[in-house]
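Report on the structure given below.
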Amino acid sequence: MRETSTRFAALVLAAAFGAFVHAQEDPVQDLGSTDVVALTPVAQISKSTSVVEISREAWEGKPYSAAELLATLPGVQYYRQGGLGSFQTVSIRGIAAKNIVICVDGVPLNDGSGGAVDLGQIDLNQIEKIEVYKDRVPAKFGGAGIGGAVNFVTKSAVQRNVVPSADGVPSKKTSGRVLASYGSHNFWEGAAQVQSNVTDSVSFAATLSARHSDNDYEFKNRNGTKYNEDDDYTDVRRNAQYTEYSGNLKYRVLHGFGGFSTLSLNASASEAGNPGREDYQTTFAGFESQNALLNYRMEFPEYFGWLWLEVGLTGKFEKSVSHSYYPVDHIGYASTDFMEYGTAGYKFVPELSASYYGDRLDVNVRVAGGADYYTPRGYASAWALDRYSFSLAGDGEYRILPWLALGAEGSLLGVKDNVESGWLVLPTFSKNLENGAEKNLSYSARGQIKLGQERGRFGGGASFGRFYKKPDIMELYGVFPGVVSNPELKDESALRFEANAFVTTSKRKTVLRASYFETHSENGIFWLNTATFVKPFNLNDALIRGLEIDLESNPVRFLRTVLRATFQDARDESETEKYNGNKLVGEPARSYYAEAQLLLPFHFDLTWSSDYRTKIYSDRANRIEQPAVAIHKATLGFSPFEKTRLSASVDNITDENYRNLYTPFPTPGREYKFTLTQGF
């Protein structure tokens with residue numbers, strides 16, 4: 001396996017060097033410096049590896065989930081538990097998924113559970129672009145976070161401002177798109193988008209989508225004997241179906257005084273079966289969830305020629321309930337027991353933002369409050385958790401010289417928890433909720449330097465920051481099924497450093513980027529799993545350092561290539577001798593990504609991608625090893641008309657069995673998908 005990975009790395013670096021040299025000799029169109037990673041015939045290439053934007057062309061009609069798509073970027077690793085709708089997360093530069101802020105239209109989805117946001121619940125048909133911040137959490141998202149931020153921007157959120165046309169006649173053009181897909185395991189999805197300028201001062205946009213899969217894929221059932229292959233047999237995943245309906249809409253109004261009001265709503269509802277372990281698949285277990293996010297924003301006109309103000313109010317509701325029913329108990333007697341457990345959460349966030357944009361200085365400040373309220377659903381006894389918070393975040397950048405800029409950012413966060421005591425009764429145990437613990441202010445601060453002109457061919461920068469994150473309310477008080485709380489948890493903290501550089505060809509058709517990153521974390525929260533429950537604990541220390549290399553090129557008109565590599569050492573620095581020096585859970589030493597897009601005659605195009613990572617460990621003791629894996633994808637597209645596109649894609653071409661030996665959750669093998677998109 002080591003020989004295979006070394007050969008793969010050599011091919012990546014050799015191809016990168018060849019493409020770079022070729023592009024130096026081939027004068028092509030100037031593309032500017034927009035931060036976009038889009039699989040289009042003409043690529044707009046970013047110069048930064050820390051802030052990246054992915055457009056919908058990168059995934060539409062192709063075999064990517066949200067987590068898999070993010071993992072095409074250097075420094076990002078993904079994890080999944082099954083097929084469509086299964087639990088999926090990403091880590092960024094060795095920082096666990098729970099410490100990454102996930103937003104939709106700038107509103108964080110992270111809740112009080114303390115766990116990672118489930119990216120498997122995000123339908124990319126609702127999304128227009130994705131913004132990825134690897135080194136920080138911008139002030140506009142609250143500024144508090146250790147592992148960076150990902151912002152999913154919905155299609156309705158990119159509706160253009162409504163203004164009269166050049167001849168003074170209001171534009172009332174209505175446009176939209178429809179999408180339909182069908183694939184393996186009775187997978188289907190459909191989406192429709194429309195946007196319209198209703199009047200010269202009102203615009204409207206909406207998207208509706210649905211997706212489903214039976215998830216009845218084949219897998220190797222080890223029959224309860226992991227190490228004995230003689231009794232293995234091919235089985236089919238049962239009770240794994242997943243169905244989701246989602247939508248968003250947006251009204252935007254231009255007021256007479258020059259300000260804009262925007263009202264937006266994002267909502268989704270899903271239900272799925274819970275198949276359980278491979279050797280003991282359940283038939284009557286499942287879960288359902290509902291989510292709604294309502295946001296109002298007022299953008300005031302420019303004051304004094306330099307000040308911009310924005311006021312926002314956000315309300316959020318989320319509900320998740322699991323159920324199970326066993327008509328026959330474990331002894332064999334008839335049973336009518338029906339168990340249902342879950343949680344509902346409510347969140348309210350008022351905020352005020354102010355921005356200054358000058359010739360050399362840009363400054364942004366955000367002040368926000370927060371109120372969270374959680375109650376049980378199902379058969380759990382009555383309890384309630386409240387969290388009240390206040391945050392202040394700001395960032396600024398000053399360009400001293402045309403080629404030199406200095407920046408700084410910081411945030412303050414204060415929270416107070418209230419617990420309405422009550423008995424929490426679960427199938428495995430019961431406990432009395434304890435009183436809320438007092439939590440003081442925590443802060444984060446970061447400074448940076450940028451070298452290079454705005455449209456220069458080369459440049460770089462460096463940043464250094466100190467970040468804190470408070471334990472979430474569920475980590476402290478444990479009201480989820482199977483979770484035991486730990487009110488003694490300490491704040492997580494980290495020191496982070498990054499240095500990066502880039503160089504482009506004269507016409508910007510090729511860019512080569514490299515970043516070195518290093519993180520020293522303290523008191524990171526780790527979830528200890530046992531047979532019946534999980535409990536969070538603080539780790540002592542961890543050290544993560546690594547190097548990212550990224551090359552994108554259009555060497556000729558009909559070919560685009562992407563080559564990326566990540567080398568990292570993510571190490572447990574715990575004082576416990578058993579773990580000290582071990583690799584962090586889920587983090588490979590190396591990962592590589594290669595992609596090529598070829599324009600063919602008669603309006604055809606072909607995209608091929610390959611993703612390889614070295615082995616990872618699933619436990620702190622490094623005893624549970626998941627072997628190295630390579631996944632290959634391909635998409636053939638056909639665009640007979642300007643707004644019509646047909647595509648056929650295949651995922652996991654080699655039918656790789658990339659399941660950890662110890663995990664009970666098998667993932668799909670080879671899958672096919674056919675997609676039609678039509679604009680109007």
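The values are calculated or read from the model by the stated rules, or taken from the named source; none is laboratory data. Quantities reported herein were computed from a predicted structural model and do not represent experimental measurements. Please note: Cβ atoms are built from the backbone with ideal geometry, for glycine as well, and neighbour counts cover all protein chains shown. All accessible areas refer to the heavy atoms of the entire protein, side chains included, with ligands and DNA or RNA removed. Shrake-Rupley method; radii C 1.70, N 1.55, O 1.52, S 1.80 Å.
Some observations on this one:
- Gap separating the Cα centres of segment 336-395 and segment 220-245, nearest whole Å: 39
- On the basis of the beta-carbon distance and an R0 of 51 Å, residue 403 and residue 527 show a calculated FRET efficiency of 0.65.
- Accessible area of segment 535-640 divided out per residue, in Å², using a probe of 1.4 angstrom: 42
- Mean-position separation - Cα centroids, segment 580-632 and segment 491-564, in angstrom: 14
- Aspartates and glutamates whose Cα lies under 14 Å from that of residue 62, excluding same-chain neighbours fewer than 8 positions away: 123, 189, 595, 605, 651, 671
- For segment 610-641, the set of trypsin sites (Lys or Arg not before Pro) satisfying both a DSSP loop assignment and a count of at most 10 other C-beta atoms within 10 Å is given as 623.
- With all protein chains in place and a 1.4 Å probe, the accessible surface of segment 201-352 carries 60 percent carbon and sulfur.
- In plain terms, the chain from residue 453 to residue 580 could stretch by 41.3 nm, reckoned as 0.36 nm per residue minus the Cα-Cα distance.
- Reachable lysines from residue 509, criterion Cα separation under 19 angstrom, eight or more residues apart if same chain: 47
- Contact order, relative form, for segment 498-635: 16 percent (alpha carbon pairs under 8 Å, 6 or more residues apart, mean separation divided by residue count).
- The stretch between residue 294 and residue 540 holds 84.6 nm of extra length on full extension. This uses 0.36 nm per residue minus the Cα-Cα distance.
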